[in-house]
Structure formats: structure tokens, C-alpha cells
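Report on one structure; see the data block that follows.
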Amino acid sequence: MSNGENRLPTVTKASPDAGDGPEAKAARIAQARALKEQAGKGGLRFEAYLAPGLAEWLLDLIERGVFADPSEAVFVIFGEHRDLEPHADLRRELLSRLCQAAIDDPRPSLSGEDVQRHLQELLDTPMSEPALWRKTT
């Protein structure tokens, strides 16, 4: 982006069913508990939704040969996250660097009205159907 362009983030739900009520949350917890023993022996398969920005980032990595497919990326990235989870000092340092990079960003800031207008446009625009990766043999 050039310095004159707006720089609003893409705002989407974390997943298509994000924001479900307490009953849905309780059902997810119960399902996790019920699957834990079997998953401990045979692993876990699941479907995942990625917001557009993450989806493009992941597909770019696959195009460049970093990962063979989304499932390999999930395997590697979840493993890295698990390894880093106990290191709160690293998470704090990363957050600090991200905040500092935002503060140092030379692009012009946006007014509250610009942000509200953009968010309203996002709310008024129906989401496109997500792309579906099919594993090839």
C-alpha cells in the first residue's frame, strides 16, 4: 500500500459459527472431552475455516512449496504453537514488537468515522463462500 491508501484490517468472524450461545459452547466442550481418549490414540481430523487474509497467506506458502497442503501447515504450526506456549515472555515480546510496529507505521492514521464507515460496509456486504481444499492423492 502506498502512504495515501487507507489501511483498515479485514474484519471477519473467527469462524462461520463464532458467537454461538452457551449451549453450543457446552456442546463443544463435551465433544472435546468425549474425543480426547480416541484422539490420544489415533489423532484428530477436523475441518477448519480461515479468514480471507490467512487463507491467502497459507495458499501462498503452499504455492512456494513451504507446505504440501493445509493439513501439513496445521500440523507444523500447531506444533510450533504448542512448543512456544509455555514461554509467556516471548509472547509478551512479540506483542510489544507488533504494537511498536503499529505505532511506527508511517501511513496516515484513520479517523473514527472512517473506521465506522468501513466496518458498516463490511457488515452490509455478504460474505463470499469459502474455497474448499480437496486433498489429492
By the gyration tensor of its Cα atoms, with a ≥ b ≥ c the square roots of the eigenvalues, what is the shape of the range 78-137: rounded for a/c under 1.5, prolate for a/b over b/c, or oblate? oblate
Out of 40, 58, 126 - ranked by how far each Cα lies towards the positive end of the dipole of the chain, with unit charges on the beta-carbon of charged residues - the top one is 40
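With +1 on each Lys and Arg Cβ and -1 on each Asp and Glu Cβ, and nothing else charged, work out how big the dipole of the range 14-137 is about its Cα centre, in Debye to the nearest 20.
I would put it at about 620 debye.
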Out of 72, 56, 47, a Gaussian network model of the chain with alpha-carbon springs under 10 Å gives the largest mean-square fluctuation to 47
Could you please state how large a percent of the accessible area of the chain is carbon and sulfur, counting protein chains only and using a 1.4 Å probe? 57 percent
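How high is the relative contact order of the chain, in percent, with contacts defined as C-alpha pairs under 8 Å that are six or more residues apart?
Working: 36 pairs, mean separation 58.2, N = 137.
Across the chain, relative contact order equals 42 percent.
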Neighbour-limited loop hits for trypsin sites (Lys or Arg not before Pro), the range 53-92 (at most 10 other Cβ within 10 Å; DSSP other than H, G, I, E, B): 64
Helical mean residue ellipticity (222 nm; -39500 (n - 2.57) per DSSP H run of 4+; nearest 500) of the chain: -19000 deg cm²/dmol
Return one whole number: the accessible area per residue of the chain in Å², for a 1.4 Å probe. 88 Å²
Wrap a convex hull around the Cα atoms of the chain, take a quarter of its surface area, and give that in square nanometres. 12.5 nm²
Kirkwood hydrodynamic radius of the range 60-110, from inverse mean 1/r over distinct Cα pairs, in Å: 13.5 Å
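The values are calculated or read from the model by the stated rules, or taken from the named source; none is laboratory data. Since the model is a prediction, treat every value here as computed from it, not as a measurement. FYI the Cβ positions are ideal-geometry reconstructions off the backbone, even for glycines, and counts take in every protein chain you see. To get the accessible areas, we keep the full protein, side chains included, count just its heavy atoms, and leave off ligands, DNA and RNA. Shrake-Rupley method; radii C 1.70, N 1.55, O 1.52, S 1.80 Å.
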